[in-house]
Structure formats: C-alpha cells, structure tokens
Amino acid sequence: HPFGIGGAFGGNRGLRPVPPEKGIFPLDHLRECDLEKKEYLSCLKTSGHKSEKCRQFSKKYLQCRMEKNLMAKQDLSELGFGNSSEMEASVGKEYSEK
C-alpha cells in the first residue's frame, strides 16, 4: 500500500496541526471595517476579480483592521504594499527586460 498504515486520508495522527503563519484573525463582529470590505468586494466584482486593480481598497481594509486591533500591526510593505511609485517602477522594469 503506497501510503503505509492508515491510508491516504488517515494521516499521521501523532502530528499536531500547525497554525497558519499569520494566526487566525478575530472576526469583525462589530463590522468596524465593513465599509472597507464592501468597497474591496465591489471593486473585485467590477474588475472581473483582478485583485491588483483593487489594491488601494485591500490596503484600506488591512489598515482598518490594524487600527481596530483585528490583526497584528505590521508594516504594509511586508504585506506586499510598497509605495505605489515603487510598484509601478518594478512593474515597468519587468516589461522592459523581456
């Protein structure tokens, strides 16, 4: 049997599950960031789910969550948000090298 004892779905019951790297974010029970979330979701709908076109909304949403202590405060550049001119420069570079 290629998967050993327990089969493919039995898994190794001795291993403890590893939590996600960022941890579990508390839910926004008070809907403190609802507006930002709705703006982001409606942007996704209108852009055909191209998240890069909605970056400013996802950034606002993450900033809101950090301000309300709904996620760990972190430098936005670590979350993939450099300043926008930096972003455009790196995108431009990629195209010119091809």
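The values are calculated or read from the model by the stated rules, or taken from the named source; none is laboratory data. Only a predicted model underlies this, so the values are computations on that prediction, with no experimental measurement involved. The protein model used for the area step is the full one, side chains on, heavy atoms only, and it has no ligands, DNA or RNA in it. Shrake-Rupley method; radii C 1.70, N 1.55, O 1.52, S 1.80 Å.
Of the helices (runs of 4 or more DSSP H) lying entirely inside segment 1-72, those containing at least 2 residues that are at pLDDT below 60 are 7-10.
Just one of (1) open to solvent by 90 Å² or more (accessible area, probe 1.4 Å); (2) at pLDDT 60 or above fails for residue 88. It is (2).
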